[in-house]
Amino acid sequence: MSRPALPSVVVDDTLGWLRLEVREFIAAQAREGLLVGQVDSWLTGWDEDFSRSLAERGWLGMTIPIEYGGRGRGFLERFVVTEELLAAGAPLAAHWISDRQIAPSLLKYGTEFQKETLLPGIAAGQTYFAIGMSEPDSGSDLASVRTRATRVDGGWRVDGSKVWTSGAHRSHYFIVLARTAAVDPDNRHSGLSQFIVDLRGPGVDVRPILSLDGRHHFNEVFLDDVYVPDEWVFGTIGAGWEQVTSELGYERSGPERFLSTFPLLDAMTGACADGELENTGELGRALARTAALHEFSAAIANGLSRGEPVDVAASMTKVLGTALEGDIAELAGCYGMDARSSTLGEDLRALSAAALAQRPGFTLRGGTNEVLRGVIARGWGLR
């Protein structure tokens, strides 16, 4: 087996003007009290007004063609914008899944009707999606999904449940992975298909799963004889596994996989520079790891713009990045309690508490790191 080529490292100096523009916008939002940095902002920071303000500046739907309401720009430009917003802890959850993976998947697999119906709303920050892949007792083993879709006159009837559906209680749609044919013991990935389901339609029941700190962003979604018309079949019946694999390349490779706790790392760095916290080698190592992942993730964005397969490289980003996020949370747990300044201590404790509450999910969501190490090993012909 030939090993997949890793994406070449790119330098985005030519997009410095765009970084500066985003930073000026962030500074203005902070001055007006419209942006307060938070950890895990792409998952928990739901602010529809902020999403629409990004759309007004052309920073949503950047890779969507102009004819569908987008900006017709490249993946690397989107990377620059999203990286700056994530680093600032901006509230991105409302539009994140729609913009990150649903839009490019619609462009690749969607029908003309689906593109014309959904893409303009995504680009405008008005149409929100959740993800309908994982199930109870299935986790990252998507081939074991038990949600079923049965052919009926004019469409399909879907029954089952999905879990870890972030934002489903506020979103309009999610794309459901379901089994449309019996399991083939020799090819468990066959017989899977995808459907675009209205989360507010009949037979859909969204139930909250609260985090350790009592916040609500995860859900379990139950589908009871939900009717999906043929025009909302996503892609090709039976090709669900290939489609999901392609979609996960967008989900696992972006800067959100190593910047979820960056606002906390930034606060610790500033405290050290001010002499409020003791500098340590661990802090320096966290900064170095962040810089390296920036280069690698940017290179993947460049590969996506060229239409290259990035599934193995994306898995590597996810494994390395989410491990870093967890290490930052644990390091900050100690730092926040030891701060000598009472004001600084309160700030760090708040950020640290949020990071530690979210920390268990870092290496689980988007595929567990244990499973992704297997993806990497197989991709490199090591098992």
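Considering 314, 332, 291, which residue is assigned to a helix (DSSP H, G or I), under 16 Å from the mean Cα position of the chain (by Cα) and either more than 19 Å from residue 38 (Cα to Cα) or in contact (Cβ under 8 Å) with a residue 24 or more places away in the chain (or both)?
The conditions single out 314.
Residues 171, 193: which one is assigned to a loop (DSSP other than H, G, I, E, B) and either in contact with a helix residue (DSSP H, G or I) (Cβ under 6 Å, 6 or more places away or on another chain) or closer than 18 Å to residue 128 by Cβ (or both)?
Working: 193 fails: assigned to a loop (DSSP other than H, G, I, E, B).
On inspection, the qualifying residue turns out to be 171.
In the stretch 28-42, how many residues are without any contact (Cβ under 8 Å) to a residue 60 or more places away in the chain and surrounded by 12 or more Cβ atoms within 10 Å (Cβ to Cβ)? Write out each step before concluding.
Taking the stretch 28-42 and keeping what is without any contact (Cβ under 8 Å) to a residue 60 or more places away in the chain, we get 28, 30-36.
Adding the requirement that they be surrounded by 12 or more Cβ atoms within 10 Å (Cβ to Cβ) leaves 30, 34-36.
Looking only at that region, the number is 4.
Just give me the residues in the stretch 103-114 being among the hydroxyl-bearing types (Ser, Thr, Tyr) and either more than 17 Å from residue 233 (Cβ to Cβ) or assigned to a helix (DSSP H, G or I) (or both), in sequence order.
First, pick out the residues of the stretch 103-114 that are among the hydroxyl-bearing types (Ser, Thr, Tyr): 105, 109, 111.
Within the stretch 103-114, 105, 109 meet the criteria.
Looking for whichever is within 15 Å of residue 328 (Cα to Cα), surrounded by 23 or more Cβ atoms within 10 Å (Cβ to Cβ) and in the same structural domain as residue 348 (by TED's automatic domain parsing) here; the options are 313, 301, 288, 271. Which one fits?
Details: 313 fails: within 15 Å of residue 328 (Cα to Cα); 301 fails: within 15 Å of residue 328 (Cα to Cα); 288 fails: surrounded by 23 or more Cβ atoms within 10 Å (Cβ to Cβ).
Result of the check over 313, 301, 288, 271: 271.
What single numbered condition from (1) of a type outside the set (Lys, Arg); (2) farther than 30 Å from residue 38 by Cα; (3) part of a strand (DSSP E or B) fails to hold for residue 202?
The single condition residue 202 does not satisfy is (3).
From the set of residues in the stretch 194-209 that are among the aliphatic types (A, V, I, L, M) and out of contact with any His (no Cβ under 7 Å at 6 or more places or on another chain), which is nearest to residue 244 (Cα to Cα)? Steps first, answer last, please.
From the stretch 194-209, those among the aliphatic types (A, V, I, L, M) are 196-197, 199, 204, 206, 209; that's our starting set.
Among the residues that remain, those that are also out of contact with any His (no Cβ under 7 Å at 6 or more places or on another chain) are: 196-197, 204, 209.
On the way: 196: 13, 197: 16, 204: 22, 209: 24 Å.
Out of the qualifying residues, it is 196.
Scan the stretch 145-157 and tell me whether some residue there is at pLDDT 95 or above and closer than 29 Å to residue 47 by Cα.
From the stretch 145-157, those at pLDDT 95 or above are 147-157; that's our starting set.
Next, from what is left, pick out any that are closer than 29 Å to residue 47 by Cα: none.
Scanning the stretch 145-157 turns up no residue that is at pLDDT 95 or above and closer than 29 Å to residue 47 by Cα.
Restricting to the stretch 351-379, name every residue that is over 21 Å from the mean Cα position of the chain (by Cα) and surrounded by 15 or more Cβ atoms within 10 Å (Cβ to Cβ).
The first filter runs over the stretch 351-379 and keeps only residues over 21 Å from the mean Cα position of the chain (by Cα), leaving 352-353, 377-379.
352, 353, 379 - these are the residues of the stretch 351-379 that are over 21 Å from the mean Cα position of the chain (by Cα) and surrounded by 15 or more Cβ atoms within 10 Å (Cβ to Cβ).
State which residue pairs qualify: first residue in contact (Cβ under 8 Å) with a residue 12 or more places away in the chain and inside the stretch 104-119, second residue among the charged types (D, E, K, R) in any location, beta carbons under 6 Å apart, and separation of 6 or more residues or different chains.
Matching pairs, first to second residue: 105/247; 106/115; 113/231.
Any idea which residue in the stretch 43-55 is surrounded by the most Cβ atoms within 10 Å (Cβ to Cβ), counting only those that are more than 23 Å from residue 257 (Cα to Cα) and not polar (S, T, N, Q)?
Taking the stretch 43-55 and keeping what is more than 23 Å from residue 257 (Cα to Cα), we get 49, 52-53.
Now narrow it down to the ones that are not polar (S, T, N, Q): 49, 52.
Values: 49: 10, 52: 15.
Once the filter is applied, the top-ranked residue is 52.
Limited to the stretch 60-75, what total is found for residues that are of a type in the set (A, V, I, L, M) and under 15 Å from residue 105 (Cα atoms)?
Keep residues of the stretch 60-75 that are of a type in the set (A, V, I, L, M), which gives 60, 62, 64, 66.
From the residues that got through so far, the ones that are under 15 Å from residue 105 (Cα atoms) too are 62, 64.
Number of matching residues: 2.
Could you tell me which of the residues 117, 127, 82 is under 29 Å from residue 195 (Cβ atoms) and in a loop (DSSP other than H, G, I, E, B)? Give the steps one after another, and end with the answer.
On the way: 117 fails: in a loop (DSSP other than H, G, I, E, B); 82 fails: in a loop (DSSP other than H, G, I, E, B).
Exactly one residue qualifies, and that residue is 127.
The values are calculated or read from the model by the stated rules, or taken from the named source; none is laboratory data. Note that the coordinates shown come from a computational prediction; the quantities given were computed from them, not determined experimentally. A quick note on method: Cβ atoms are made from the backbone with ideal geometry, for glycine too, and the neighbour counts reach across all protein chains shown.
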